[in-house]
1. Could you please find all residues in segment 20-37 being within 22 Å of H54 (Cβ to Cβ) and either of a type in the set (A, V, I, L, M) or without any contact (Cβ under 8 Å) to a residue 12 or more places away in the chain (or both)?
2. I'd like the residue in segment 1-11 that is assigned to a loop (DSSP other than H, G, I, E, B) and at pLDDT below 95 and, out of all such residues, is surrounded by the fewest Cβ atoms within 10 Å (Cβ to Cβ).
3. Look at segment 12-43 and say how many of its residues are in a strand (DSSP E or B), farther than 17 Å from D2 by Cβ and of a type in the set (A, V, I, L, M, F, W, C).
Amino acid sequence: MDKYRIGDLVSAKLGTLPVVGTVVGADHRMEKYLVRFSAVQQNWYTEEELVPYHPGSRGD
């Protein structure tokens, strides 16, 4: 669980669209990262459900 750090930009698939968010927390016991997408939307993801975001990429 060392792939992402707080503040990293990541892309996660929500439904069929990739969405860019910021890692804001990590739970090592659950082995999941908390990713915030907006002021009201956030969720927990495993490493396999996330990819690093690079400007200009489509997130897939």
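1. Within segment 20-37, V20, V23, V24, A26, L34, V35 qualify.
2. The selected residue is D2.
3. Residues in segment 12-43 being in a strand (DSSP E or B), farther than 17 Å from D2 by Cβ and of a type in the set (A, V, I, L, M, F, W, C): 5 in total.
Residues checked against (1) at pLDDT 90 or above; (2) touching a Ser or Thr at 6+ places or on another chain (Cβ under 8 Å); (3) surrounded by 14 or more Cβ atoms within 10 Å (Cβ to Cβ); (4) among the polar types (S, T, N, Q):
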{"residue": "T16", "(1), (2), (3), (4)": "no, no, no, yes"}
{"residue": "V24", "(1), (2), (3), (4)": "yes, no, no, no"}
{"residue": "H28", "(1), (2), (3), (4)": "yes, no, no, no"}
{"residue": "L34", "(1), (2), (3), (4)": "yes, no, yes, no"}
{"residue": "S38", "(1), (2), (3), (4)": "no, no, no, yes"}
{"residue": "W44", "(1), (2), (3), (4)": "yes, no, yes, no"}
{"residue": "E49", "(1), (2), (3), (4)": "yes, no, yes, no"}
{"residue": "S57", "(1), (2), (3), (4)": "no, yes, no, yes"}
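The values are calculated or read from the model by the stated rules, or taken from the named source; none is laboratory data. Everything numeric here is computed off the predicted structure, so don't read it as measured data. Every residue, glycine among them, receives a Cβ derived from its backbone with ideal geometry; neighbour counts consider all protein chains shown.
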